[in-house]
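I have placed the structure first, in the form of structure tokens, so that the comments after it can refer back to it.
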Amino acid sequence: MSMTTGPRLASAVLPAVRRLAAAGCPSATADAEALAAESAAAAGDGALERFEALVARRAAREPLAYILGRQTFRGLALRVDSRVLVPRPHTGALVEAGLVAPRGAHVLDLCTGSGAVALALARERPDLRVSGADISPDALAVARENGDRLGLEVSWIESDLLGGAPGPWDAVLANAPYIAEPDEPELARELIVHEPPGAFRGGLDGLDIVRRLIGQASKVPWLALEVGDAHAPEVGEMLRAAGFREVTTRRDFTGAERVVVGRR
């Protein structure tokens with residue numbers, strides 16, 4: 001970067017903050033600063049032009065993680081793009097549920113997306129035999145790349161829920177799509193416009209995929225499901241009706257009941 005580019009880039013940050021705030025970005029200052037740092041590191045004398053291009057993408061509400069090409073999840077630097085849902089911090093509750101699996105257990109992460117849950121389990125519990133499955137070959141390509149880059153051993157399976165991954169499994173975890181159709185207009189544009197709809201749309205009440213998975217899980221002894229706000233009681237009843245005798249919930253960092261766990 002030339003001696004003049006640095007000051008020009010710095011002076012462009014405040015107008016970018018104003019532009020992002022006007023576009024409805026909830027963390028406009030942090031986003032602008034992250035994009036400036038990315039532009040300065042990657043573009044040399046073209047840093048200002050690159051910064052302006054990245055700001056335009058963020059002003060269109062493209063997720064910051066897609067623009068940067070990465071997202072941190074439980075200390076893992078994951079590559080992400082529009083083929084996968086951006087990992088959210090509240091999904092850490094699903095990982096925490098899986099950490100109680102018995103030593104050496106064979107664990108399946110369904111709807112793995114970027115591989116975030118499977119890879120976190122593999123790092124935090126290296127004794128587990130972890131597999132990750134997704135219906136999307138594009139998502140699996142991202143997950144496989146993350147696993148290879150991080151040097152974590154996870155087996156990847158292309159499967160529509162348990163249909164192509166019959167096991168046997170000691171434990172199954174799933175962050176299946178759970179957004180209800182009537183709730184979509186209230187959600188952030190980052191999700192609705194830019195992220196893959198198959199990764200979040202759960203039907204009229206948000207539980208279409210969850211119901212189907214529970215129906216396939218007759219031979220699964222332990223099942224943990226990430227669920228939407230207010231879904232936990234209904235999903236708990238579904239698990240009991242399916243023969244899971246012990247049903248518990250786990251809250252995420254916001255205090256919401258985010259994970260429902262069934263044990264036979």
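Every read-out reported here was derived from the displayed coordinates using simple, explicitly stated rules and does not represent laboratory data. Model, not experiment: these values are computed from the prediction. Every residue, glycine as well, gets a Cβ built from its backbone with ideal geometry; the counts of neighbours run over all protein chains shown.
Quick notes on this structure:
- Note on Ala42 and Arg245: the model spin-label points, each 7 Å out from Cα along the C-beta direction, lie 5.4 nm apart.
- Tensor-based shape of segment 110-264 (alpha-carbon gyration tensor, a/c under 1.5 rounded, otherwise prolate or oblate): oblate
- Trypsin sites (Lys or Arg not before Pro) within segment 50-139: DSSP coil, no more than 10 neighbouring Cβ in 10 Å: Arg103
- What the Cβ-Cβ distance of Arg212 and Ala10 gives, at R0 = 51 Å and to the nearest 0.05, is a FRET efficiency of 0.45.
- Exposure proxy for Asp81, Asp252: other Cβ atoms within 10 Å of each Cβ, ordered fewest to most, give Asp81, Asp252.
- P(r) tail fraction, segment 5-60 - alpha-carbon pairs more than 16 Å apart, %: 29 percent
- Entry for Rg and Dmax of the Cα atoms in Å (calculated from the structure that is shown) out of (i) 20.2, 68; (ii) 19.7, 76; (iii) 19.2, 56: (i)
- Between 0 and 90°, nearest 10: helix 137-150 axis offset from the chain longest Cα axis: 80 degrees
- Relative to the current alpha-carbon distance between Arg57 and Ala30, full extension at 0.36 nm per residue lengthens the span by 8.2 nm.
- The 3J(HN,Hα) values that the Karplus relation (6.51, -1.76, 1.60; θ = phi - 60°) gives for segment 172-181 are, in residue order, 10, 10, 8, 9, 6, x, 9, 7, 7, 3 Hz. Gly and Pro appear as x.
- Using 0.36 nm per residue and subtracting the Cα-Cα separation, the extra length available between Asp81 and Glu153 on full extension is 23.7 nm.
- Label-to-label distance, Ala230 versus Thr254, with points set 7 angstrom from Cα along the beta-carbon direction: 1.4 nm.
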